[in-house]
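All remarks here apply to the structure that follows.
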Amino acid sequence: MALDPVATAVLVYAAAVVSSAAGIYGIMTSKSLLRLLVSIETFFNSVILSAAYIGVVSRAGPGYYSLLLATIVLTIAEIAIVAAILVLVYRRRRSLATGLLRELKG
């Protein structure tokens with residue numbers, strides 16, 4: 001049994017709203033850099049999901065989805081770079097507490 005297209009659009013929009021709220025909550029309350037990274041990634045993915053929702057609703061062309069794919073690839077590259085930085089911070093300080101951000105100023 002297939003869902004009605006309107007119901008599908010509402011469910012996708014609701015998922016985007018809930019995941020963005022979860023990401024913002026995690027960003028505001030995290031005390032670990034790793035948890036902060038996951039929260040930021042959750043928020044980025046909710047933005048991408050919202051953009052995909054807008055593309056479906058507005059019947060965007062293939063150029064729109066190419067831009068969306070490029071955004072996903074850039075997000076993956078950003079996560080890889082930040083994860084590498086977190087590994088270096090952990091090797092030096094043996095902790096990923098957000099209080100380290102003040103000590104790491106150059």
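Readers should treat all values here as calculations from the given coordinates under stated rules, not as data from a laboratory. Just so you know, these numbers come straight off a predicted model, no measurement behind them. Every residue, glycine among them, receives a Cβ derived from its backbone with ideal geometry; neighbour counts consider all protein chains shown.
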For TYR65 and ILE81, compute 0.36 nm times the residue count separating them, minus their Cα-Cα distance, and round to one decimal in nm. 3.3 nm
For the chain, longest principal axis from Cα atoms; helix 62-93 axis from its Cα atoms; angle between them, nearest 10 degrees, is 20 degrees
Got a sec? How would LEU36, LEU96, LEU88 order by Cβ neighbour count within 10 Å, fewest to most? LEU88, LEU96, LEU36
Please report the equivalent ellipsoid semi-axes of the chain, computed as sqrt(5 x eigenvalue) of the Cα gyration tensor, largest first, in whole Å. 34, 16, 9
Computed helical MRE - 222 nm, the chain, DSSP H runs ≥ 4 contributing -39500 (n - 2.57), nearest 500: -28000 deg cm²/dmol
What longest range of the chain stays clear of loop-exposed trypsin sites (Lys or Arg not before Pro) (DSSP non-H/G/I/E/B, at most 11 other C-beta within 10 angstrom)? 60-93
Quick check: residue separation of VAL10 and ARG102 times 0.36 nm, minus the Cα distance between them. What number comes out in nm? 28.9 nm
Here the convex hull volume per residue of region 26-66, taken over Cα atoms and given in Å³, is 56 Å³
